[in-house]
Each structure stands twice: as structure tokens, then as C-alpha cells.
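To start, the structure itself, in C-alpha cells.
The values are calculated or read from the model by the stated rules, or taken from the named source; none is laboratory data. Just so you know, these numbers come straight off a predicted model, no measurement behind them. Cβ: placed from backbone, ideal geometry, glycine included. Neighbour counts: every protein chain shown. Remember, those area values only see protein heavy atoms, side chains included, never the ligands or the DNA or RNA. Shrake-Rupley method; radii C 1.70, N 1.55, O 1.52, S 1.80 Å.
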Amino acid sequence: MLGMCLLSPRRWRLREAAMSGLSPPRNASNRHIQDPASQRLTWNKSPKSVLVIKKIRDASLLQPFKELCIYLMEENNMIVYVEKKVLEDPAIVSDENFGPVKKKFCTFREDYDDISNQIDFIICLGGDGTLLYASSLFQGSVPPVMAFHLGSLGFLTPFNFENFQSQVNQVIEGNAAVILRSRLKVRVVKEPRDKKTAIHNGLSENGLDTEGGKQAMQYQVLNEVVIDRGPSSYLSNVDVYLDGHLITTVQGDGVIVSTPTGSTAYAAAAGASMVHPNVPAIMVTPICPHSLSFRPIVVPAGVELKIMLSPEARNTAWVSFDGRKRQEIRHGDSISITTSCYPLPSICVCDPVSDWFESLAQCLHWNVRKKQAHFPEDEEDS
């Protein structure tokens, strides 16, 4: 799938489950289409460290957070990492019973501490935003992520917390299906301007590009890159290139470049098709285009998209990455987007196909309609 160079994690790998009952046709002996449900999590060594991500400023998550951490530390003897600001919550600080456990945490600060090589797997408590946040912490290879639905929507968080002990045990034992959610590698190159211009956090390539002193920043994006007109009342006017060729100019409120995972987020609201995360693709979706014929398109994963302000643009544009790191794009700046070779391994409750359709039904109420009544028996006879 995509030829993703998922660099060898320290303790885990993927294996393909036996596809019982599936026999290929006679003329397809040299072809193999992978079953999306066949990818399984396998530990090379028993996991020892886990990163727990909790939704901030949500009092309802304090008790589940405490129960999970105590279970991981005392029952499984695991090293638990949490962000420092999580432990600064007044309810946790004032809880004397939780004090002995709190001293055992390993803490980190976003944008300051690199924990990418110290985590075996991740547990998220909250909504979809916790998974997006987990993705942003790892600009390279990402550990497997287990996401519990304790937020509002929960499209990307399939696990229920009621029986978390048995579910966590299954993951630790390697008895779980995994879906590789592709991410986007985004490179933003800016023309040199005022030295006082704020530098946004991302993975910089020595801060400045060696050619012409341009500022270059790189991001890993799970859902989407959004380029919009910002506070301006004018139309957004940006050129879109694919592998170096100008394919269109977007005149409207903006454009969304999304992964299949992001196709059920902002892109779906803007009219894009919903694409299963196993499909290797990139979606390009206009936001309120001033054209009756501008339909969303799907391009192959691996192509490079480049977006720049059109020379005729009357205003600047703004860009954000999974809703974060929002910044202004001016004339001469460029945004290059391609499929990352570092996907996010998301642990499934059942399998990638069943989980996805369950989320479509439960979270988005996909194709919910009152059933059409059948004909009465006498009319059927006639």
C-alpha cells in the first residue's frame, strides 16, 4: 500500500493474517490484492512505555484518566508518559490519593521535548482532536495509536472505555487489527521578509533554506491542509500545480487538500466524497468556489501538489494544518504537499472496513432514511 516506508519501529511490526476462504482466480496467480482487514499488530518485544493523551480542560475525563494510568502502572508495570500540562490540572494536583501515582509519570512539553524514540504505543482519551494531536507530536515514525471515544463526535476513536482493561490487554498481547492512515508531508517555503516575523513550530530543515535564505518549514498532516482567504473580503485566488503542471486556479473561499482519513472531516462538509483510509489517494476539494463546474477531485497518492498565490491575487491567503499552526501566505511563498512515508497506525476494534462503516453510521448517520413501505398484498397480486 503506497509503498510507505514505515521505518522499523523498535518493538512492533505488521503482519498479514491468513485470508481463509479466499482463493484467487486461475489467471491471477501472480497478482495479489491485499485484504484491508488482514493487517495485524505484532510486537517484536513486549511494550514497556505508553504515551497517554487526554483532552485538556474536560473534568469528565479525570476519572477515566486516573483509572487507566493506575492500571497501566500497577497492573502492567509500564512507563507512562503524559504532557506536563495535564498534571497541572487543579483536580489532579489536589487529589492526594493520586499523588503516589503522579510521581511515577514521565512528563514532556510539546515543542520542547522529543519523545519520538521512547514510546511503544499511544492511548488517546477524548475525541478526534486527541488523535490529531498525537499525530502532530510525531514528525517521523508514529507508534500504534489506541483511541477511546470520550469526546463529542469520535469518528476516529472507535474504542469504548467501559471495558478498557480487556481491550488494552489485547493490544499489549498483539491481538489487534491495524489500519495505516496515510499522512501528508507539507513543506512551506516563504520569501525572506522582516526578521521579526514569527516562526511557527514544525520540523524545520535547519530553519532556513540554503537557496536564497528562504524560510522552510515541514509538517506531517493527518486530516487536511486548508488554504483559505482569511479575514479578507476578496476571493481567494491561488494556483494549483500537480507535478509541476498548472492544473487550475482556485477562485473562492479556498481549497482543502486532504487524506482519505480527512475526507470525512472538513472535506465532507465541502462536498467531497468519503474515501476509505486504505485507498491510496489525495483529495482536492474547493471551498465555495465561484464556479458551477469546479467539482472535488481525487488524485493518486505520491503526486506532488504545489499551491501558490496567483499573480493576480488581490489579497494574501492563510494556511492551517489539521486546524493548527495557522499562518499567512503571501506572494512568492509556496506550499508543497505529497503523501508522507510515515503513516499513522491506528488500532481497530474489529477491522478497518467494519470500523469505518460503523463510524459512518453512528457518527455521521450515513444514508439514514425511513424505509419505503411495501405494496399491500392485494396490489402485489394484481
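Considering only GLN139, GLN362, GLN218, the Gaussian network model of the chain with Cα springs below 10 Å gives its largest mean-square fluctuation to GLN362.
Between ASN76 and ASN169, the contour length at 0.36 nm per residue exceeds the Cα-Cα span by 32.6 nm. In the context of the full set of protein chains, residues of the chain present 52 Å² of accessible surface per residue (probe radius 1.4 Å, heavy atoms only).
Counting only DSSP H runs of at least 4 residues, each contributing -39500 (n - 2.57), and dividing by the residue count of the chain, the helix-based mean residue ellipticity at 222 nm comes to -4000 deg cm²/dmol. When the square roots of the Cα gyration tensor eigenvalues are ordered a ≥ b ≥ c, the ratio a/c for region 66-170 is under 1.5, which makes its shape rounded.
Take the Cα coordinates of region 41-107, assign each an equal point scatterer, and use the Debye formula without solvent to give log10 I(q)/I(0) at q = 0.29 Å⁻¹. For region 41-107 at q = 0.29 Å⁻¹, log10 I(q)/I(0) is -1.55.
The base-10 log of I(q)/I(0) for the chain, evaluated at q = 0.09, 0.12 Å⁻¹, reads -0.60, -1.00 [Debye formula, identical scatterers on Cα atoms, solvent excluded]. In the chain, the sites counted are GluC sites (Glu not before Pro) in DSSP loop states with at most 14 other Cβ atoms within 10 Å, and the longest stretch holding none of them, exclusive of the sites, is 212-311. Between the alpha-carbon centers of region 35-82 and region 252-329, tell me the distance in whole angstrom. A separation of 33 Å, based on Cα centres. Give LYS104/LYS325; LYS48/LYS84; LYS103/LYS185; LYS45/LYS104 a once-over and call out the pairs whose C-alpha atoms are over 30 Å from each other. Pairs exceeding the cut-off: LYS104/LYS325; LYS103/LYS185. With R₀ set to 41 Å, the beta-carbon distance separating LEU246 from ARG324 gives a calculated FRET efficiency near 0.90. To the nearest 10, the accessible area of TRP318 is 70 Å² with a 1.4 Å probe.
Find which of ALA269, LEU309, ILE247 sits farthest along the positive direction of the dipole of region 234-382, computed with +1 on the beta-carbon of Lys and Arg, -1 on that of Asp and Glu, about the Cα centre. So the residue furthest toward the plus end is LEU309. Calculation over all alpha carbon pairs of region 254-382 in 5 angstrom steps from 0 returns a P(r) of 2, 8, 14, 17, 17, 13, 8, 6, 5, 4, 2, 2, 1, 1, 0 percent.
Rounded to the nearest 20 debye, the dipole magnitude of region 260-382 is 980 debye, with +1 charges on Lys and Arg beta carbons, -1 on Asp and Glu beta carbons, and the Cα centre as origin. For region 64-139, applying the loop criterion from DSSP together with a ceiling of 15 other beta carbons within 10 Å to the chymotrypsin sites (Phe, Trp or Tyr not before Pro) yields TYR112. Relative intensity of region 273-326 on a log10 scale, I(q)/I(0) at q = 0.13, 0.18, 0.19, 0.26 Å⁻¹, equals -0.48, -0.91, -1.00, -1.30, per a Debye sum over C-alpha point scatterers of equal strength in the absence of solvent. Which residue, HIS276, HIS290, HIS149, has the most motion in a Gaussian network model of the chain that connects Cα atoms within less than 10 Å? In this elastic network of the chain, the residue with the biggest mean-square fluctuation among HIS276, HIS290, HIS149 is HIS290. Once the Cα-Cα distance is subtracted from the 0.36 nm per residue extended length, the SER291 to CYS350 segment shows a gain of 17.0 nm. The charge dipole of the chain, taken about its Cα centre with unit charges on the Cβ of Lys, Arg, Asp and Glu (plus for the first two, minus for the last two), comes to roughly 1180 debye. The local environment of ARG181, defined by Cβ-Cβ distances under 13 Å, has a net charge of -3 under the rule Lys, Arg +1 and Asp, Glu -1. Considering only DSSP beta bridges where both residues belong to the chain, give the percentage that are antiparallel (nearest 5). Roughly 80 percent of the beta bridges in the chain run antiparallel, per DSSP.
A DSSP coil position with no more than 10 other Cβ atoms inside 10 Å describes the following trypsin sites (Lys or Arg not before Pro) in region 99-134: LYS103, ARG109. Counting pairs of alpha carbon atoms under 8 Å apart in space and at least six apart in sequence, what relative contact order in percent does the chain give? The normalised contact order for the chain reaches 18 percent.
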